[in-house]
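The values are calculated or read from the model by the stated rules, or taken from the named source; none is laboratory data. No experiment lies behind these values; they were computed from the predicted model shown. Because the Cβ atoms are built from the backbone with ideal geometry, glycine has one as well, and the counts that use them run over all protein chains shown. Only protein heavy atoms, including side chains, enter the accessible area calculation; ligands, DNA and RNA are left aside. Shrake-Rupley method; radii C 1.70, N 1.55, O 1.52, S 1.80 Å.
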Amino acid sequence: MRICLTLPFEDDSRSASFALPYGMAVIASILRSKHPGAEIFFSNDEKMILQADEIYCSGLSESWDIVNMLAEKVVAHGKRFVVGGQHVTALPQTLKFGEIFSGPLEVIDKKWPNPLPDWSIFSEDQKNNAQYVVMTSRGCPFKCKFCSSSSFWRGYFPLPVDRVIQEITQVAALNAKEIVLFDDLFTADKRRLRQISERIVAEGLNSINYSCLIRADSCCPETLELLQKMNVKAMAFGAESGSDFILTAMNKKTSRHANQTCIDMLLDFGFTPVCSVIIGFPGESRKTLSDSLLFIEKNIASTLIEVYPVQPLPGTWLWDYFVEQFAPDLNNFDWKSLKIRGNTIDFETYRVLSNNCSAHELKQFLNIYECLLKQHHNIRTTFDRVKNVTNILKYKYFA
């Protein structure tokens, strides 16, 4: 039996797949235990996909038309096509062909944790052009209204520390020089973080460069010292807004003050802070946009700040709000309109979710932001050096 795993994208996959898709490597291990002797591989090449006997697929909302077109071809060839992931779990009715797997394929039950990821499914070319990923937990203990992680995973599930070290050791054996710790929030548990940091140092795994996501309110000297000891070179957090009003509306449970304190502390420890700002959330107004702009102006000289117009992603509170406001026809929905690409967003199709600001005001904000970036070209140079961390923010937001 030949089994193909695939993760199609609408356009240039490099914009979203800076790292080897970790979930596919885990699923490959699960399938290998169920189908001993099967040939299991990863590909986005249609010809190779159609040569397989069974195909397991996931896809971002923005690429859902591509998923359905591929599904139609696979089913027409008489092959089994199984689709899982956050989009199809939230909106199973949007899959027109194939079988639906609802919820995480990595089922959280008495068998948890799953076998170690199987990185052999990727070709040498794929390995050479992407980063390795390790996930030390699933889900997130917070419930931000623009994110589907907590609803998809239905909780926060940290892996045992021994398992984390096993996984890092496995990747280290593949001669990885950098590892992306792809947890929604790597620093969620300070006690566990200390255990992981001490084990990494004790076993000599701190020769590898790491990057990770944090939260502003989890940033403290003790945490940063632990991250430094294990050789974390870059970290990012979601500031999301310079307005406390919008942060409350998002259920972010942080504040502008916490965001600023986090940036200042990262600078004190010698890190280049990286954070995201989301504009256009329901309740956004000229006043709240002005607050975010002031936050960016204050920090742009020292901090890599990525700005994204908000998108209502299926499985989130924001999607439910969008459906209530716009009543979209899901049979004819333009899934490409859910792309998140900052200033390249198509405002002709973009749906403004706040009644208190306009598309014109959002465009003005992005134009000012771009001008600020040009004025501080030194931070843009730094951006090129730590682009994987900014990709973490983008990918975790719309994955």
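Before moving on, here are some points about what is shown:
- Low-density loop cleavage sites - trypsin sites (Lys or Arg not before Pro) in the range 70-100, where at most 16 other Cβ are within 10 Å (DSSP): Lys96
- Share of Cα-Cα pairs in the range 80-214 lying beyond 27 Å, as whole percent: 29 percent
- Working from Cα pairs under 8 Å separated by at least six residues, relative contact order for the chain is 15 percent.
- Taking all protein chains into account, the per residue accessible area for the chain stands at 43 Å² (1.4 Å probe).
- Two-site FRET efficiency, Ser120 against Ser290, from Cβ-Cβ distance with R₀ of 51 Å, rounded to 0.05: 0.45
- With Rh defined as the Kirkwood radius, the inverse of the mean 1/r over Cα pairs, the Rg/Rh of the chain is 0.95.
- For the range 250-321, the alpha-carbon coordinates run over 41, 26, 19 Å along the three principal axes, in decreasing order.
- Förster radius 25 Å - calculated FRET efficiency between Cys371 and Ser255, Cβ distance, rounded to 0.05: 0.35
- Rounded to whole numbers, the Karplus 3J(HN,Hα) couplings from phi for the range 141-149 are x, 10, 9, 5, 6, 9, 10, 9, 4 Hz, using 6.51 cos²θ - 1.76 cosθ + 1.60 with θ = phi - 60°, and x at Gly and Pro.
- Estimated inter-spin distance, Lys143 and Lys47, nm [label 7 Å along Cα→Cβ]: 5.0 nm
- Computed over the range 131-185, the quotient of the alpha carbon radius of gyration and 2.2 N^0.38 Å is 1.28.
- Long-range tail of P(r) for the range 181-284 (Cα pairs > 17 Å, %): 52 percent
- Taking 7 Å steps out from each Cα toward its Cβ at Asn175 and Lys298 produces label points 4.7 nm apart.
- As computed over the range 220-379, the Cα convex hull volume per residue (Å³): 129 Å³
- FRET efficiency, 1/(1 + (r/R0)^6) with R0 25 Å, evaluated for Ala359 and Phe333 via beta carbons: 0.85
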